[in-house]
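The values are calculated or read from the model by the stated rules, or taken from the named source; none is laboratory data. None of the values given here were measured: they were computed from a predicted structure. Note: ideal-geometry Cβ built from the backbone for every residue, glycine included; neighbour counts use all protein chains shown. SASA here: full protein model, heavy atoms, side chains in, ligands and nucleic acids out. Shrake-Rupley method; radii C 1.70, N 1.55, O 1.52, S 1.80 Å.
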Protein chains: 4
Amino acid sequence: MATALMPQQYQDCIEACQDCAISCDACAEACLGEQDVMMMVDCIRLDRDCAKMCYMSVTFMASGSQFARQVCELCAKMCDACAEECEKHAAHMDHCRQCAEACRRCAEACRNMMSMAA
Amino acid sequence: MATALMPQQYQDCIEACQDCAISCDACAEACLGEQDVMMMVDCIRLDRDCAKMCYMSVTFMASGSQFARQVCELCAKMCDACAEECEKHAAHMDHCRQCAEACRRCAEACRNMMSMAA
Amino acid sequence: MATALMPQQYQDCIEACQDCAISCDACAEACLGEQDVMMMVDCIRLDRDCAKMCYMSVTFMASGSQFARQVCELCAKMCDACAEECEKHAAHMDHCRQCAEACRRCAEACRNMMSMAA
Amino acid sequence: MATALMPQQYQDCIEACQDCAISCDACAEACLGEQDVMMMVDCIRLDRDCAKMCYMSVTFMASGSQFARQVCELCAKMCDACAEECEKHAAHMDHCRQCAEACRRCAEACRNMMSMAA
């Protein structure tokens, strides 16, 4: 894996953000295919925001940016919000259940990353 | 892995693009830290383009976009160009060697994806 | 305007892509607020793709990338597709009418840019 | 302008972020073409970060995201940092002078946006 190039402390967080980004993109797309789309509009909005922020976090970590921690701090907040919304639908929709789990893992990984020494 | 949400045929390509994106970001950052930065400016430019295009490919596949194949087609071209440049420096710079390998794998994965039935 | 830094031939295309990107983002958001969201799902999908590709075109032109033309070529295709879908709703929805116009202008600007000498 | 679709309070900030994003991309590219690239590596890094964050701010505002203010808050910090670095080179390099000005305007626009009622 090319992640050997990464600062070691970023590796877990990068993987969690990568996973969360694609889960959010996929969840939004699945929501658009649901019969009752109207019920899913907030989920689609939060998936949209969270996916963008997760890709952003990955590229800031991979670039070794001095702002990586602050980007991940904001990412964690969007993950929390997206997880909370997805959990409302998790019992009936597998894409929301999986997305909520990916968001919770990502929020935790971002907070772990932030707590590490710079 | 949340990639269970992905169309199965995209999964390999998504992973190759994720890996290539962070390899390119990390290679560009490492190039900026080289003593002879001047020698690396084309590498930095191609890393920059290729990284952006790989993140783009991931989000188009993860969203199940009708344009995913065309995005991956262009991505493969940038991967080829970046690999070619990185290979010039691969003997002396580990970040370029790793990045070149990630780019070659990604170009191949993009072309495999494109060849699949829609 | 900082666009004085841009290669002159890119300036019109950059502005058209900037305008199209925000029109698509705004149209998608407005679609999510429509009573009959179900009718708008294809529009939301195309807005999503087209917005991403327009931001991409802007950054490739602004960076003077060797791939700027190829990125704009693909951008023009997404603009066409998004315009076509938005035009179906343009009579009743102002956000779709405005978005369709921005997409048509952007597709034309991308094609003008591509036809210029490198 | 399609910005008529935008919440009015975002319009100035969107324009400042658009301008800053392309100024940063263009400045980084110009830095890579300088004879003494080594002297510009921190500028290239900050241009890279600031450009990405500005595009991000634009898409969050254009989408009417609930996180637009928080994204712009972080954007303002990156603009400050990029401006400070570019100002070191502004006397001798026009791309840095223009970029510094775009960053200062953008930081101010982001802070104005944040202070508006939601």
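Tell me the mean residue ellipticity at 222 nm calculated for chain C from its helices only (DSSP H runs of n ≥ 4, each -39500 (n - 2.57), averaged over every residue, nearest 500).
Details: 4 runs with 88 residues, N = 118.
Using -39500 (n - 2.57) per qualifying helix, the result is -26000 deg cm²/dmol.
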Hz values of 3J(HN,Hα) by residue in the stretch C:84-95 - Karplus curve (6.51, -1.76, 1.60), Gly and Pro given as x: 4, 5, 4, 5, 4, 9, 5, 5, 10, 10, 5, 5
Cβ-defined net charge surrounding residue C:112, 14 Å radius [Lys, Arg +1; Asp, Glu -1]: 0
Simple label model, 7 Å out from Cα along Cβ direction - residue D:91 to residue B:87, nm: 4.7 nm
Residue of D:47, D:94, D:19 that the Gaussian network model of chain D assigns the largest fluctuation, springs spanning Cα pairs under 10 Å: D:94
Within chain C: Cβ-based charge dipole about Cα centre, in debye rounded to nearest 20 (Lys, Arg +1; Asp, Glu -1): 440 debye
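Calculate, for chain A, the solvent-accessible area per residue in square angstrom, rolling a 1.4 angstrom probe over the heavy atoms of the protein chains.
Each residue of chain A exposes 37 Å² on average to a 1.4 Å probe.
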Aspartates and glutamates with Cα under 16 Å of residue D:52, excluding same-chain neighbours fewer than 8 positions away: A:49, B:25, B:29, B:47, B:49, D:15, D:19, D:25, D:29, D:42, D:73, D:80
Whole-Hz couplings from phi, Karplus 6.51/-1.76/1.60, listed for the stretch A:14-22; x for Gly and Pro: 4, 5, 5, 5, 4, 5, 5, 4, 6
Protein accessible area in the stretch A:10-113, 1.4 Å probe - carbon and sulfur %: 46 percent
Size of electric dipole in the protein assembly as shown: Cβ of Lys, Arg +1 and of Asp, Glu -1, about Cα centre, debye, nearest 20: 0 debye
Unit charges at the beta carbon, dipole of chain A: most positive-side option, A:23, A:54, A:40: A:54
Kirkwood Rh (inverse of mean 1/r, distinct Cα pairs), chain C, angstrom: 14.0 Å
In the B-A interface, the accessible area buried, summed over both sides, Å² (probe 1.4 Å): 2000 Å²
In sequence order, calculated HN-Hα J values of the stretch A:60-77 (Karplus, 6.51, -1.76, 1.60; Hz; x Gly/Pro): 6, 5, 4, 8, x, 5, 5, 9, 4, 5, 5, 5, 5, 4, 6, 4, 4, 5
